[in-house]
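First up is the structure itself, then whatever we jot down about it.
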Amino acid sequence: MSQARISKAPEPPVFREGVVTRLEPQTYDPERVSIFIDGAFWMGVHRDVLREHPVEEGQVLPVALQQALYRAELVRKAQSVALRYLEHRPRTVQEVRLRLERAGFPPTLIDQVVARLEALGYLDDRAYARAYVQGRLAGRGYGPRRLQAELRRRGVPPDVVEATMASVLAETDPLEIARPLARRRWQLLCQNEPDRRKRRQKLIAFLQRRGFSSGIAYTLLRELE
């Protein structure tokens, strides 16, 4: 996603005490309301924010309440950005944090939004890691080392990575995952690479790129030869 297309945190309005002269539903989104102070547009907020912080026409709006309205709107906006980001596929906590940082939300607010999404079950690094490993180990034939590196690159904590790999590998033997991959590659190498030493080297390198250990690679090479 390009930087230009990333939704941004709303800029803070001017905080100055004044009288609420008008509350007007916005044309493009009736769930949002424009607040006018002393006859001038101040900011737009969602109706849920107004239910949390009620405002009426004619009341004096103190600075403290203005700041509370802005922060509540900011939290709602950040949560909306995060949920849209999660619509496409599951994400790690770190990926969501970085997304909100790029959008310009402050760190303390990001902490608040991430904690709420975790409490609601939208973010779960353990569930993410397990689904990721299971899907790519058997589904794509990726080995443990590659999967560990990819999880760490996505910001999954090291202890979660280790626990996930131990759990999945207790149920799935990576040798059995690598065997059909090695067999298919060996058949191609036998057809296209006449040099026996180079065939061996290429098979070992292929399996290591896929994330399998040298021990598994040499075990399969001995089987195939």
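The values are calculated or read from the model by the stated rules, or taken from the named source; none is laboratory data. Just so you know, these numbers come straight off a predicted model, no measurement behind them. Using ideal geometry, Cβ is built from the backbone for each residue, glycine included, and neighbour counts are taken over all protein chains shown. To get the accessible areas, we keep the full protein, side chains included, count just its heavy atoms, and leave off ligands, DNA and RNA. Shrake-Rupley method; radii C 1.70, N 1.55, O 1.52, S 1.80 Å.
The single residue among Leu151, Leu169 that is more than 12 Å from Arg210 (Cα to Cα), buried (at least 17 other Cβ atoms within 10 Å of the Cβ) and not basic (Lys, Arg) turns out to be Leu151. Right, Gly141: open to solvent by less than 70 Å² (accessible area, probe 1.4 Å), touching a residue at least 24 places away in the same chain (Cβ under 8 Å), part of a loop (DSSP other than H, G, I, E, B) and under 27 Å from Ala78 (Cβ atoms) or not? When the stated conditions are applied, Gly141 does not pass them. Looking at the range 23-37, which of its residues are over 19 Å from Gly58 (Cα atoms) and either in a strand (DSSP E or B) or at pLDDT 95 or above (or both)? Result: Arg32, single match.
For the range 102-125, does any single residue satisfy the condition of being crowded, with 19+ Cβ neighbours inside 10 Å and touching a residue at least 60 places away in the same chain (Cβ under 8 Å)? So far as the range 102-125 goes, yes, one or more of its residues are crowded, with 19+ Cβ neighbours inside 10 Å and touching a residue at least 60 places away in the same chain (Cβ under 8 Å).
For the residues Ile216, Ile204, the requirement of being within 30 Å of Gln134 (Cβ to Cβ), free of Cβ contacts under 8 Å to residues at least 24 places away in the same chain, more than 32 Å from the chain's Cα centre (by Cα) and surrounded by 13 or more Cβ atoms within 10 Å (Cβ to Cβ) singles out Ile204.
Here the condition is being at pLDDT 95 or above and either open to solvent by less than 40 Å² (accessible area, probe 1.4 Å) or under 30 Å from Glu171 (Cβ atoms) (or both); of Leu61, Leu98, it holds for Leu61 alone. Listed by first and then second residue, the pairs linking a residue in the range 52-69 that is over 15 Å from Phe41 (Cα atoms) and in contact (Cβ under 8 Å) with a residue 60 or more places away in the chain to a residue that is of a type in the set (Lys, Arg) and part of a loop (DSSP other than H, G, I, E, B), with Cβ atoms under 7 Å apart and 6 or more places separating them unless they lie on different chains, form an empty list.
Among the residues making up the range 144-176, a single one is assigned to a loop (DSSP other than H, G, I, E, B), of a type in the set (Val, Ile, Thr) and within 23 Å of the chain's Cα centre (by Cα): Val156.
Exactly one of (1) open to solvent by less than 60 Å² (accessible area, probe 1.4 Å); (2) under 27 Å from Asp29 (Cβ atoms) is unmet by Arg71. Its number? Tallying (1) open to solvent by less than 60 Å² (accessible area, probe 1.4 Å); (2) under 27 Å from Asp29 (Cβ atoms), Arg71 fails exactly one: (1). Of Glu57, Glu31, all but one fail to be out of contact with any helix residue (DSSP H, G or I) (no Cβ under 6 Å at 6 or more places or on another chain) and of a type in the set (D, E, K, R); the exception is Glu57.
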